[in-house]
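Below is one structure, written out as structure tokens, with a few remarks after it.
What follows is calculated from the coordinates using simple rules that are stated; it is not laboratory data. What you are looking at is a predicted structure, and each value in this text was computed from that prediction instead of being measured. Here the Cβ positions follow ideal geometry from the backbone for every residue, glycine too, while neighbour counts run over all protein chains shown.
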Amino acid sequence: MGGYGSPYASVHLNWNQAAGRINQLIRDSEYLKPADYSRMPAYERERMAMRVMGFYHHLSNNVERPYPQDLYHEEGRNALVKKLADTEQSAELLEQMDTALLSVPLDSEEYERKAESLSILHQYVEGTYTIFPEKKRAVEIVGPEQGQMSMFDFMEQEPQSKEQSTAAAVEEPRKAKVVARYQSTVMMQEGYIEDIAILQYSDGKFYNHYNYDEETGTGTAETGPFNSLNDAKAVIRQTREDKKDPNAVLVCVGTGELEDKIKEKCKMLQIDDRVKFLGFRSDVNRIMQAFDLLVMPSHFEGLPVTGVEAQAIGVPVLFATTITKDAAILPQSAYLNLSDSPEVWAEKILEYKNMQRENDPHKWIEQKGYDIKKETKKLDDFYLEKSSMI
């Protein structure tokens, strides 16, 4: 289509045009080539292998894994792909996973997720489940496809008006409801932010719609179907402040009403492997020995005994300014305002990464009036003095 000296023409599309072009090819069944269809069964086995590995994530180390464990999971995934390609090995794998599920408490949230994942694997092995919207089909690789719409034909099409789009939506209503909305801050181009709506359709499936317009019921692109809301959320990529230090680990001790929501947020951000929820513990003093820093971003707090205990063993504390100034004992401890951005908190926390722990925290405990023996004596002297005046 180019000139004699430059036979290869190039066309530059903005993101909306590119998404529309891909949607057009999908609608016309021209997006995938024969080689792509032939690759689908192998790709699906790889996805199912990753589902198996996800099933064993967070299970006790005492539960035997049906695959070799290596740093980058390559050997494990390859071994599972081979097992899933073999009928007998697939059956043995499912039996082993059924047994492993018995180690998970029935009343735990983890049990529900793992049971759902295992059910999908059973259906896959039985041939009643596929990750693809249409039935898988192997196609022999042939010559180049004919009749595919060219990029120039697509560019020359007249854009559909908003009235026409609305009319089309009325003629063929899409029975779906928005169940969640997000903004993806993955920087695909300068200043570009996508608004993502997760829709659930009448068949129970979930789809991610990008730049979704509820008035017209359309978006620039969509991904799916997903069998659960969590699966749909998992593909939404976000920039993350934890990239500042990929070795950072957050340890949460105790329980609370927001715990489940925080766990869900960690999974959505794909950092759940680096956030440890220890629940209620009676050995907090031992756990804090491993800390570089204790962070207390409390909205309401009196004198935080936990903060005093941490500093008594030499662990500095980063307090919110809502907490009394009397709580800061060690000179390394500091305060930040809750209105400060997450970036400010992250930068401050990283200052403690290589900070040397206080060698003699007791002298600071004594100076600030937290030494129990000295304070007991002061209290005794006070009451003795008062009693002598009676």
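What to note about this one:
- Computed over the stretch 31-126: relative contact order in percent, which uses C-alpha pairs under 8 Å that are six or more apart: 27 percent
- Estimated FRET transfer efficiency (Asp381, Ala85; beta-carbon r; R0 51 Å; 0.05): 0.05
- Potential extension, Ser108-Val63 segment - 0.36 nm per residue separation minus Cα distance: 14.5 nm
- Here the label points at Glu347 and Ile313, each 7 Å from Cα along the C-beta direction, are separated by 3.2 nm in the simple model.
- Were the residues from Lys177 through Ser38 laid out at 0.36 nm apart, the gain over their Cα-Cα distance would be 46.6 nm.
- Here the residues Arg47, Arg21, ranked from fewest to most Cβ neighbours within 10 Å of their Cβ, fall in the order Arg47, Arg21.
- Eigenvalues of the alpha-carbon gyration tensor of the stretch 31-126, scaled by 5 and square-rooted, set the equivalent ellipsoid semi-axes at 25, 15, 13 angstrom, largest first.
- Computed FRET value (nearest 0.05) for Ala115 with Ile372, which takes r as the C-beta separation and R₀ as 45 Å: 0.35
- Projection of the Cα convex hull of the stretch 290-390, averaged over all directions and equal to a quarter of that hull's surface, yields 7.8 nm².
- Radius of gyration, Dmax [the stretch 289-330; alpha carbons; angstrom]: 9.4, 26
- Footprinting exposure proxy for Lys325, Lys363, Lys83 (fewest neighbouring C-beta atoms within 10 Å first): Lys325, Lys363, Lys83
- With the simple spin-label model, which puts each label point 7 Å out from Cα in the Cβ direction, the Glu95 to Ser228 separation comes to 2.6 nm.
- Label-point separation in nm, Asp273 to Glu75, each point 7 Å along Cα→Cβ: 1.7 nm
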